[in-house]
1. How large is the accessible surface per residue of the range 227-315, computed with a 1.4 Å probe and reported in Å² as a whole number?
2. Where does helix 203-234 land angle-wise versus the long Cα axis of the chain, in degrees 0 to 90, nearest 10?
3. Summing Lys, Arg as +1 and Asp, Glu as -1, what charge do residues with Cβ under 12 Å from the Cβ of residue 185 carry, residue 185 excluded?
4. With each run of n ≥ 4 DSSP H residues scored as -39500 (n - 2.57), what mean residue ellipticity at 222 nm is computed for the chain after dividing by its residue count and rounding to the nearest 500 deg cm²/dmol?
5. In degrees from 0 to 90, rounded to the nearest 10, what is the angle of the helix 52-78 Cα long axis to the longest principal axis of the chain?
6. If you roll a 1.4 angstrom probe over the protein chains with everything in place, what fraction of the accessible area of the chain belongs to carbon and sulfur, to the nearest %?
7. Post the alpha-carbon centroid distance, the range 87-151 to the range 17-41, in whole angstrom.
8. Along the charge dipole of the range 122-264, Cβ charges K/R +1 and D/E -1, which of 129, 155, 228 sits furthest on the positive end?
Amino acid sequence: MILPDSGHLALVLLLAAGIDVVFGEPPAAVHPVVWIGKLINFLKNAAPKTHRKLYGTAMALCCVFFASLLGYSVLYITALPGIPGYLALLIEAYFLKATFAINCLLSPAREIYKHLEENQLEKVRELLPIYVSRNTSKLTKTQMSSAVVESVSENYVDGILSPIFYYALFGELGLVAAYAFKAISTLDSMVGYKTEPYRELGYFSAKSDDVLNWIPARISVIFILAAAITVSLFKKGRKINPLDSVKTALEDGMKTPSPNSGYPMAATAGALGVKLEKPDTYVLGASYPPTEVKDIKRVSQLIAIASGFSLVAFVAVIQITGIHTYL
């Protein structure tokens with residue numbers, strides 16, 4: 001089996017990003033991550049009442065194996081003799097696109113922004129639980145705005161940067177690595193909670209997600225800084241503070257319960273010059289004014305640009321390393 005070279009890998013990544021931006025998410029029936037989710041749901045429902053931590057570990061490993069096999073199968077099929085190069089490119093790009101979601105990350109923010117602008121707070125309270133893990137019943141308009149800014153900046157790592165990072169890091173087997181990561185990420189979102197009935201069942205998944213996102217979370221500060229510099233140079237309006245993004249990330253990055261989510265959120269708080277607060281849990285950028293509804297638009301712009309820089313950077317990494325592996 002001859003695996004693809006660096007030029008092919010870079011084109012796959014760029015095409016996957018194009019598919020994501022133009023078309024968004026594929027239908028659930030043909031969405032590979034939905035398939036992974038269905039396996040997780042089946043195994044979760046079959047979990048025993050005892051030895052749940054051990055079962056949760058085995059469940060996670062099973063899902064990672066399934067996802068990795070899925071990624072490897074795609075590479076195997078596209079490397080078969082007789083498969084045209086353009087078709088191989090499209091197939092791999094489609095499957096890679098399923099591991100990250102720029103469009104899906106930013107679209108909900110635009111929807112919630114619209115409802116907040118129209119002062120439809122009850123509608124926002126209905127929508128927010130899909131995107132944030134907090135009680136939204138008593139949130140003020142300011143706290144709702146903060147929750148959206150936090151969600152967009154935090155999910156930039158898990159939903160965009162990390163899959164691309166592992167794709168680039170593992171070269172020709174990058175698609176396999178991206179799917180292995182996505183399995184852990186999906187497990188964490190479905191069972192990685194500290195409350196029952198998932199405390200033991202999701203323990204391994206949550207810890208694995210922390211480990212895999214550790215480096216990307218800290219790299220995210222660089223891309224948010226680059227995005228902040230870009231916006232400050234070309235965008236008029238409320239001031240963007242590029243260097244404050246790094247300062248706030250260093251000061252507040254470890255103030256969240258998660259070892260990773262604080263870094264992109266604190267960097268965003270510093271860049272936008274706003275205070276991000278989850279009631280009774282953390283405050284990031286405490287010296288800044290409270291978040292306003294218009295900051296949802298600002299964070300969407302910031303993270304969209306940061307995502308663009310991420311793509312360019314990792315395409316460059318793939319091209320520079322220029323690995324050619326033959327199995």
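The values are calculated or read from the model by the stated rules, or taken from the named source; none is laboratory data. As the structure is a prediction and not an experimental result, all values here were calculated from the model. Positions of Cβ are backbone-derived with ideal geometry, glycine not excepted, and every protein chain shown enters the neighbour counts. For accessibility, only protein heavy atoms count, side chains too; no ligands or nucleic acids. Shrake-Rupley method; radii C 1.70, N 1.55, O 1.52, S 1.80 Å.
1. Values: 3920 Å² over 89 residues.
Dividing the accessible area of the range 227-315 by its residue count gives 44 Å².
2. Rounded to the nearest ten degrees, it is 60.
3. Around residue 185, the surrounding residues sum to -3.
4. -22500 deg cm²/dmol
5. It works out to around 60 degrees.
6. Carbon with sulfur: 66 percent of the solvent-accessible area.
7. Centre-to-centre distance over Cα atoms comes out at 17 Å.
8. 228
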